[in-house]
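The values are calculated or read from the model by the stated rules, or taken from the named source; none is laboratory data. Computed from a prediction, not measured in an experiment: that's the story for all the values here. Note: ideal-geometry Cβ built from the backbone for every residue, glycine included; neighbour counts use all protein chains shown. Surface areas here come from the heavy atoms of the whole protein model, side chains and all, with no ligands, DNA or RNA. Shrake-Rupley method; radii C 1.70, N 1.55, O 1.52, S 1.80 Å.
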Amino acid sequence: MGIRAEQKQRTRAALIAAALEMVADGRAFSSLSLREVTRAAGVVPTAFYRHFPTMDALGMAIVEEALPDLRTRMRELRQDASNMEELLVASINVFFEFVLQHAQEFLFFGREITGGSSVLRNTLRLHVVRFSYDLADDLARIGYANHLNDQERFMVADLLVRAVLTTSQDLLAVRNNKIALDTLRHRTAQQMRLVVIGMLNWSSKPLAAAS
């Protein structure tokens, strides 16, 4: 990589880091101005447009740098899982580790998925759906849900994915408290086990009406 390309990468990374730092300090991403971000990054405002056409594009870059990596890691661990319990525990461990390593990004995700820009909200929700489709495909491939049709497999996968993803903000709140962290890990595993028990006992046939 040439000197100019390296400088361009450093500037892009500085802009992302500056935005994430302000969000971690309690600012809503939607409240950040381009000038604030460039000042914090130590670059002139015109430099911003060499990397991002809008602030939403900067937010999209934050999403696209972290979540596809997490999806890849989750799919890789499912390649080696030999049973459902191992799959659940490994999924939780990988997710918790990833969130702790990307704390600022997940603070950003947690706020933007419910507020702020509709572009970022929709992008984040689309990623949740992609996680669910990935898991539904893997459940079919591994053979854990052969008695379910495609729609039912997605329903189960979506419940499992959301049981894990929705813990991220709680996880960040207790990250420095080992007892609370272990309690959250156990609670998440139990929630996932309840979904799996329901899956294993699910019948596509409607229940008979009570007499």
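Results, tabulated for the structure shown:
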item	result
Sequence-separation-based contact order of the range 1-133, relative, with Cα cut under 8 Å and 6+ spacing, percent	27
For the chain: span of alpha carbons on each principal axis (Å, largest first)	72, 40, 36
Amide proton proximity set for His147, modelled H, under 5 Å, gap of 5+	none
Surface share of carbon and sulfur [accessible, 1.4 angstrom probe, percent] for the range 150-210	61
Dipole moment magnitude, nearest 20 debye, the chain about Cα centre, only Lys, Arg, Asp, Glu C-beta charged	440
Tyr133-Asp69 pseudo-label distance in nm [points 7 Å out on the Cα-to-Cβ vector]	2.3
Rounded accessible area per residue of the chain, 1.4 Å, Å²	55
Within the chain, helix-based [θ] at 222 nm, where runs of 4 or more DSSP H residues each add -39,500 (n - 2.57), nearest 500	-25000 deg cm²/dmol
Estimated vicinal HN-Hα couplings, Hz - the range 13-18 in sequence order (Karplus 6.51, -1.76, 1.60; Gly, Pro = x)	5, 5, 5, 5, 5, 5
Whole-percent carbon and sulfur share, accessible surface of the range 1-127, 1.4 Å	52
Per-pair calculated FRET efficiency, R0 = 30 Å: Arg35 and Arg187 via Cβ, rounded to 0.05	0.10
Integer Hz, Karplus 6.51/-1.76/1.60 couplings in order for the range 24-31, x for Gly and Pro	5, 7, x, 7, 6, 4, 5, 8
Acute angle (nearest 10 degrees) that the helix 150-165 long axis makes with the longest principal axis of the chain, alpha-carbon atoms	50
Derived scalar couplings ³J(HN,Hα) [the range 56-73; Karplus, 6.51 cos²θ - 1.76 cosθ + 1.60; whole Hz; x for Gly, Pro]	4, 5, 5, x, 4, 5, 4, 4, 6, 7, 9, 5, x, 5, 5, 4, 4, 4
Cβ-placed point charges (K, R +1; D, E -1), dipole of the range 91-141 about Cα centre in debye, nearest 20	220
Using alpha-carbon coordinates, inclination of helix 84-101 to the longest axis of the chain, degrees	10
